[in-house]
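The values are calculated or read from the model by the stated rules, or taken from the named source; none is laboratory data. Small disclaimer: the values here were computed from a predicted structure and weren't measured. Here Cβ is always computed from backbone atoms with ideal geometry, including for glycine, and neighbour counts include all displayed protein chains.
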């Protein structure tokens, strides 16, 4: 395995590096088994797009209901990375210290505003020596990225009044039950067709658990780089390898996107996500304006029919549609899902029926 890092990186090394990061990520995250069904609370308008248009919408993670989404995970990542670059800050391992220092600064560079990015680049350019110039080139070439998320709940939240009220149009909407394995297989297929970075994760609500996961990730990277360098003294180039650094960033982001405040733990959330360059246009990317706020979204249309993944269609406790009408509409759209009425004894009044 080590032989692939004897140069600054070639195309032939990329599959090996990617396999390495996949293994490290899997060992650190240890996701539970995919639920048999994943549920998505939504209003009737969005349900129509999902059923008739074979569409799933992804929202920019910066505009989620948790106002500290992504930012709190990045702040923790920065604090832990600070420990690593100080640990490596010796004459012998200065290049490795700079690797972790650059990785920490990605937390600002990739996600923050243009002015902050420019200030950071100038600061780093002054700090990096001529011998470390290749690291700066790698760092400078990284583009701002956005994370787009589509949210689902596990079976613990199949009929939850807080979820109905928050995500399904005040209980007037529906909760769509997807076949978990089929949905995720479909999503991961996008990696080969449209997007370079897609994935799914189980959300982590406990801060200490998240800290353990991301610290283990950085520890495994550190040990791999150190061991590689010990086995072959010319291997210091690994810390300056463009593809290696890019993968380190991507897999760090995959862990960061899994963290959410414990106040939202009742959601039992699983996430499908896309990581995409903010500066790139895409036919499926669009901008939505709601309450005077501009938000970017992705609308993904899958090629096959939704009948293979939609299994349940749970009608909200305040939804006045007749179950037979819903069943006929679904059937007409090629979807043979079970139509189920929420068991919550919701009292309809004039005020909540509108």
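When the range 147-171 is filtered for residues that are closer than 13 Å to residue 201 by Cα and part of a helix (DSSP H, G or I), nothing remains.
Any residue that is in contact with a helix residue (DSSP H, G or I) (Cβ under 9 Å, 6 or more places away or on another chain), on the phi > 0 side of the Ramachandran plot and at pLDDT 85 or above - is there at least one of those in the range 138-151? No. Here the range 70-95 is the region considered, the condition is being assigned to a loop (DSSP other than H, G, I, E, B) and either at pLDDT 85 or above or buried (at least 18 other Cβ atoms within 10 Å of the Cβ) (or both), and the residue that is farthest from the chain's Cα centre (by Cα) is 93. For the range 15-35, the set of residues classified as over 19 Å from residue 222 (Cα atoms) and modelled with pLDDT under 85 consists of 15, 31, listed by residue number. Scanning the range 31-45 for residues that are outside any strand (DSSP E or B) and in contact (Cβ under 8 Å) with a residue 12 or more places away in the chain returns 31, 32, 34, 35, 36, 43, 44. Determine, yes or no, whether residue 204 is touching a helix residue (DSSP H, G or I) at 6+ places or on another chain (Cβ under 6 Å), at pLDDT 90 or above, crowded, with 17+ Cβ neighbours inside 10 Å and under 30 Å from residue 336 (Cβ atoms). Judged against the criteria, residue 204 is not a match.
Going through (1) at pLDDT 90 or above; (2) more than 28 Å from residue 190 (Cβ to Cβ) one by one, residue 268 falls short only on (2).
Does the range 274-287 contain any residue that is assigned to a strand (DSSP E or B), surrounded by fewer than 10 Cβ atoms within 10 Å (Cβ to Cβ) and over 17 Å from the mean Cα position of the chain (by Cα)? Taking every residue of the range 274-287 in turn, at least one turns out to be assigned to a strand (DSSP E or B), surrounded by fewer than 10 Cβ atoms within 10 Å (Cβ to Cβ) and over 17 Å from the mean Cα position of the chain (by Cα).
Working only within the range 50-69, note down all residues that are part of a helix (DSSP H, G or I) and modelled with pLDDT of 90 or more. 50, 51 - these are the residues of the range 50-69 that are part of a helix (DSSP H, G or I) and modelled with pLDDT of 90 or more.
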